[in-house]
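Here the structure comes first, spelled out in structure tokens, and everything after it is commentary.
The values are calculated or read from the model by the stated rules, or taken from the named source; none is laboratory data. If you're wondering where the values come from, they're calculated on a predicted model, not measured in any experiment. Please note: Cβ atoms are built from the backbone with ideal geometry, for glycine as well, and neighbour counts cover all protein chains shown.
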Amino acid sequence: MYAQFTTVPLYVAIDIGKNVHCFGGFEGAECRPCGEPEMVHSTQRGYRQFCAWLSAQVASGRYDPIVVGMEPTGIYHEHWAYALAQDFGGQIELRFLNPYQTKNRRKQVTNSRRRKSDALDVEAIAQCLRDNLAHPARLPQDASFGFGTWAASFRRAHSQKQRLHNTLLSELDRLWPGALVNVRAFRKAHPDMAEPKPLVLSHPLQRRIVQILIEFAPDPSQWLSWTLEDVCRFFHSHNLRCGPVTAARLQHVAEEAVLLPKSIASNLIEYLQIDWCRYQRLVEEVERLRQLIKDLVPGTPAAVLTTVPGIGAFLAGAYMAYVVDPARFQRADQIWSLAGFDPRQEESGDWSRLGKITRRGNPGLRNILYAIGFETSKHCPAIRRSKEQALQRGKGPVGSTLHAAHRANRMCFRLLRDQVPYDAERMR
């Protein structure tokens, strides 16, 4: 008579830390601990200890499947995740777990008491693995990793540039009051008052006249002593056209401004020019990153998106950088939610209501999706029709563009997932 040998699942939970990891094994549907959780260094020595323990479990033949799970928080999970995927391959199922799930399960384990320890987290992770609350670990490789790294650098540089842009505008307003005015907004708010005459009407930091003013003559009191000929001569010396009308407008701004005392203004000028130099470096950095993503796209899965009218290499690469791997999404609406474009939903009894978008997502991805909707609505007939239909239903320019972006996102997701080029006949 032969003894019957059966296998049970083994759930291996790893609580990731910066210098120390805690791991433990739990078997079966009851999550019976295989022993006390162990603390090991996150270095090579600790990894070898863990591998020796895990190899023994694999070799015992008692467990199938062996599910190894961890929280992909920060950067400290990456080293062990890549090493485990390489060393154990098909012997284990490597999964990632949302920390929110771990927190909720820990509350259940501790009966909602405020207790937290590595051992409790290990037990909570194991129970989440048992209940299939984790998803397969998808580790970016080669080009995908490059896209993700680019996205982090671009977000950081673009955010710093935007903050400094706002600081420069504030400093200019203090130094040159009345020089920068949103005339359209002023006209709407004060229809009975005379319109101001600012230096430029839009995008001031992109205008060469404002750039020269900041770099070479930021002191408005200096302009009060100049004649119109002096103003024209000044701009001509910096290779910029300037006629009497432009010179008169500049003089008018300086004469109408209520200026700060010279001692305070000189201090502001110093910091304005320092910030301007930093801003120029950030502009160059953002442009360099824009070109870098364009160079990454050819030969990668993102290249299929460039077949869509209106989507160039930059938008294709930026979309890929945030999606990373389309296989981790089941539907395009999950990407929409990742950006924070999903609407608030309220339900009670017999009524339900959709509110404004949550904005609980990645603002960088929101910008890219909006840009994709804007560009494809100009060049892609199917997306253009969606925007026109939204306008006919009473949506404004922003709302109709978001409507177009929603459809464009679904299209991009399918193309990226299936690696099928854009076909105008199929996308009608």
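Odds and ends about this structure:
- Taking region 162-175 as the range and being surrounded by fewer than 19 Cβ atoms within 10 Å (Cβ to Cβ) and of a type in the set (D, E, K, R) as the test, the residues that pass are Arg163, Asp173, Arg174.
- Some residue of region 102-118 being part of a helix (DSSP H, G or I), under 28 Å from Arg48 (Cα atoms) and touching a residue at least 60 places away in the same chain (Cβ under 8 Å): yes
- Residue in region 325-376 that is modelled with the lowest pLDDT, counting only those that are among the β-branched types (Val, Ile, Thr) and within 20 Å of Leu315 (Cβ to Cβ): Ile335
- Residues that are touching a Ser or Thr at 6+ places or on another chain (Cβ under 9 Å) and at positive phi, drawn from region 22-74: Gly61
- Hits in region 1-33 (condition: part of a loop (DSSP other than H, G, I, E, B), more than 18 Å from Arg95 (Cβ to Cβ), free of Cβ contacts under 8 Å to residues at least 60 places away in the same chain and not aromatic (Phe, Trp, Tyr)): Met1, Ala3, Gln4, Thr6, Thr7, Lys18, Asn19, Glu30
- Listed by first and then second residue, the pairs with beta-carbon distance under 9 Å, at least 6 apart or on different chains, first residue in region 289-305 and of a type in the set (D, E, K, R), second in a loop (DSSP other than H, G, I, E, B), are Lys294/Gly312.
- Candidates Ile66, Ile125, filtered to the one that is in the same structural domain as Cys22 (by TED's automatic domain parsing), of a type in the set (Val, Ile, Thr), touching a helix residue (DSSP H, G or I) at 6+ places or on another chain (Cβ under 8 Å) and part of a strand (DSSP E or B): Ile66
- Qualifying position, being among the hydrophobic types (A, V, I, L, M, F, W, C) and more than 16 Å from Leu129 (Cβ to Cβ), among Ile14, Ile75: Ile75
- Taking region 105-156 as the range and being surrounded by fewer than 20 Cβ atoms within 10 Å (Cβ to Cβ), among the small types (Gly, Ala, Ser) and closer than 30 Å to Arg288 by Cα as the test, the residues that pass are Ala143, Ser144, Gly146, Gly148, Ala152, Ser153.
- Pairs are defined by a Cβ separation below 7 Å, a sequence spacing of at least 6 or placement on different chains, a first member in region 143-154 that is of a type in the set (S, T, N, Q), and a second member that is buried (at least 17 other Cβ atoms within 10 Å of the Cβ) and outside any helix (DSSP H, G or I); the pairs so defined are Ser144/Asp325.
- Unique match (being under 33 Å from the mean Cα position of the chain (by Cα), modelled with pLDDT of 90 or more and among the acidic types (Asp, Glu)) among Glu27, Glu123, Glu36: Glu123
- Members of region 193-245 that are over 24 Å from Leu268 (Cβ atoms) and β-branched (Val, Ile, Thr): Thr227, Val245
- Restricting attention to region 72-130 and to residues that are touching an Asp or Glu at 6+ places or on another chain (Cβ under 9 Å) and among the β-branched types (Val, Ile, Thr), the residue that is nearest to Ala56 (Cα to Cα) turns out to be Val122.
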